[in-house]
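Everything on this sheet refers to the single structure shown next.
Since every read-out is calculated from the coordinates, none of them should be taken as a lab result. For clarity, every value in this text was computed on a predicted model and none was experimentally measured. Cβ atoms come from the backbone with ideal geometry, glycine included; neighbour counts cover every protein chain shown.
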Amino acid sequence: MSGERRPAAVTCTAPINIAVIKYWGKRNEELILPINSSLSVTLHQDQLKTTTSAAASRDFKEDRIWLNGREENINQPRLQSCLREIRRLARKRRSGSEEESTPCILSYRVHICSENNFPTAAGLASSAAGYACLVYTLATLYGVETELSEIARQGSGSACRSIYGGFVQWLMGERDDGKDSLAQQIAPESHWPELQVLVLVVSAERKPVGSTAGMQTSVETSPLLKHRAEAVVPDRVKEMCEAIRQRDFERFGQLTMKDSNQFHATCLDTFPPIFYLNDISRCIIHVVHLFNTYYGQTKVAYTFDAGPNAVIFCLEQTVDEFVSALRCCFPPESNGDMFLKGLPAGPAVLSKELKMAMD
Ligand code: ADP
Ligand code: DP6
Ligand code: CO
């Protein structure tokens, strides 16, 4: 390679996160400020993850991005917000220090290439892992070391929570400029190692209504959503923090299911209504309740984001038995790939895989 001009390049990965208290609705579309706080579990990224590479070179004529092998429009406002913010911080850092690698990279255009190893836009939090990874990769490329959740949030709201591993809260904040609308870890994944996650892929298809458009219509039309944000979620977030701190699966599971159900009720209360769950999703809900009723306690809990795919939480000792119960309803011969993964809920951290030196 000697003699050739090599670009500065970096590859990073980021995990998905699944909200147990859902974010649905913005008070500011441009800055992505939510109408309520939310809380999530960041999943192990051995299997479900985004991998993003970014390279800067003086030979590049313009910024470009490829997603899952296809070129996307780099001028999308959310991509631009993330790029602009990271470059602004890099410039600030440069003016405050004497490091010499950053200045030249900063004047170059970037090429970004990102892959999700799971269905995109199917309700499995691709926008969360995707934008967390984008922001982290660009920050690594430019040597920016500040808190990144505020920038990831401007790519996709749920992305701010994927910046941290374990159990993460996104504080809605009060300010109009969004400076206090940040994610923070409430407990590391090591806090509750027995907690397991099963992702049941019901459909890998793109959802008919994207999260951004869906929540916009809900804010405009759903009285239930307003009630939820003002009168339900604030207490629920506090209770959920407590349940997690105490590793109380009964409370954790009940709150998780109730919040998922209320989120989907707000979708139905939206006009025209949005249907993210399908018959298979509803069947999974039914099996979970039958299972819990049989045991007289909450052994398993479901949650569904904006899509039909289920995320199941349970403790380690319940996994095999619950999978057997599911197999009775969804025989493996006809549902071979339904059980995508059985994963521990963490540990998940953003990871750099490769960094090449510049010029
Ligand atoms: P999901 O439920 O998968 O999060 P959303 O409707 O919230 O679905 O967001 C899907 C959108 O997120 C995609 O159409 C794309 O614009 C963006 N996205 C997904 N993955 C990535 C990625 N790896 N990098 C950048 N943007 C991504
Ligand atoms: C149902 O973060 O994908 O998954 O901020 O418009 O990009 P934008 O939406 P997004 O919405 C996620 C909605 C949810 C719940 C959650 O993750 O909290
Ligand atoms: Co999303």
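Would you calculate the volume per residue, in Å³, of the smallest convex hull containing every Cα atom of segment 169-208?
Convex hull of Cα atoms, per residue: 130 Å³.
State the three equivalent ellipsoid semi-axes of segment 291-333, derived from the C-alpha gyration tensor as the square roots of 5 times its eigenvalues, in descending order and whole Å.
They are 17, 15, 10 Å, listed largest first.
Just to confirm the number: angle between the C-alpha axis of helix 319-329 and the first principal axis of the chain, 0 to 90 degrees, nearest 10?
70
Can you run the Rg to Rh ratio on segment 239-294? Use alpha carbon positions and the Kirkwood inverse-distance Rh.
My calculation of the ratio gives 1.07.
Along the Cα→Cβ direction, 7 angstrom out, place labels at L106 and Y294. What is the inter-label distance in nm?
6.2
Kindly write out, for segment 288-298 in residue order, the coupling ³J(HN,Hα) from the Karplus curve 6.51 cos²θ - 1.76 cosθ + 1.60 (θ = phi - 60°), rounded to whole Hz, with x marking Gly and Pro.
Couplings: 4, 5, 4, 4, 5, 5, 4, 8, x, 7, 7 Hz.
For H44, list long-range residues whose amide hydrogen, built 1.01 Å from N in the peptide plane, is under 5 Å from its own amide hydrogen.
Hits under the 5 Å cutoff: G346.
Once you have a ≥ b ≥ c as the square roots of the Cα gyration tensor eigenvalues for segment 104-187, tell me rounded if a/c is under 1.5, and otherwise prolate or oblate according to whether a/b is larger than b/c.
oblate
Using Cα atoms only, what is the angle between the long axis of helix 233-245 and the major principal axis of the chain, expressed in degrees (0 to 90) to the nearest 10?
Orientation of helix 233-245: about 90 degrees from the principal axis.
Between exposed GluC sites (Glu not before Pro) in the chain, where DSSP calls loop and at most 16 other Cβ atoms lie within 10 Å, what's the longest gap?
With a cap of 16 other Cβ atoms within 10 Å, the longest stretch comes to 206-332.
In nm, what is the difference between 0.36 nm times the number of residues separating Q47 and F60 and their Cα-Cα distance?
1.4 nm is the gain from fully extending Q47 to F60.
Rank W192, W24, S53 by how far each Cα sits towards the positive end of the charge dipole of the chain (+1 on Lys, Arg Cβ; -1 on Asp, Glu Cβ) and give me just the farthest.
The residue sitting farthest along the positive end of the dipole is S53.
Evaluate 2.2 N^0.38 Å with N set to the residue count of segment 1-80, then give the Cα radius of gyration divided by it.
Normalised Cα radius of gyration, segment 1-80: 1.51.
Taking springs between alpha-carbon atoms closer than 10 angstrom, which of T293, T137, T303 fluctuates most in the Gaussian network model of the chain?
The residue with the greatest mean-square fluctuation here is T293.
Would you report the distance distribution of C-alpha pairs in the chain as whole percents per 10 angstrom bin, up to the bin with the largest distance?
P(r) over the chain, rounded to whole percents: 5, 25, 33, 23, 11, 4, 0, 0.
Using Cβ contacts closer than 10 Å as the measure, can you line up K238, K22 from fewest to most?
In increasing order of surrounding Cβ atoms, one gets K238, K22.
More than 17 angstrom separation, counting every C-alpha pair in segment 176-265; what % is that?
67
List the trypsin sites (Lys or Arg not before Pro) in segment 146-204 that DSSP assigns to loop (not H, G, I, E or B) and whose Cβ has at most 11 other Cβ atoms within 10 Å. Which are they?
Taking segment 146-204 and a limit of 11 other Cβ atoms within 10 Å, the loop trypsin sites (Lys or Arg not before Pro) found are R175, K179.
Note down the magnitude of the dipole of the chain about its Cα centre, charges +1 on Lys and Arg C-beta and -1 on Asp and Glu C-beta and zero elsewhere, to the nearest 20 debye.
The calculated dipole for the chain is roughly 620 debye.
When the gyration tensor of segment 183-334 is built from Cα positions, what are the square roots of 5 times its three eigenvalues, in whole Å, from largest to smallest?
26, 22, 13
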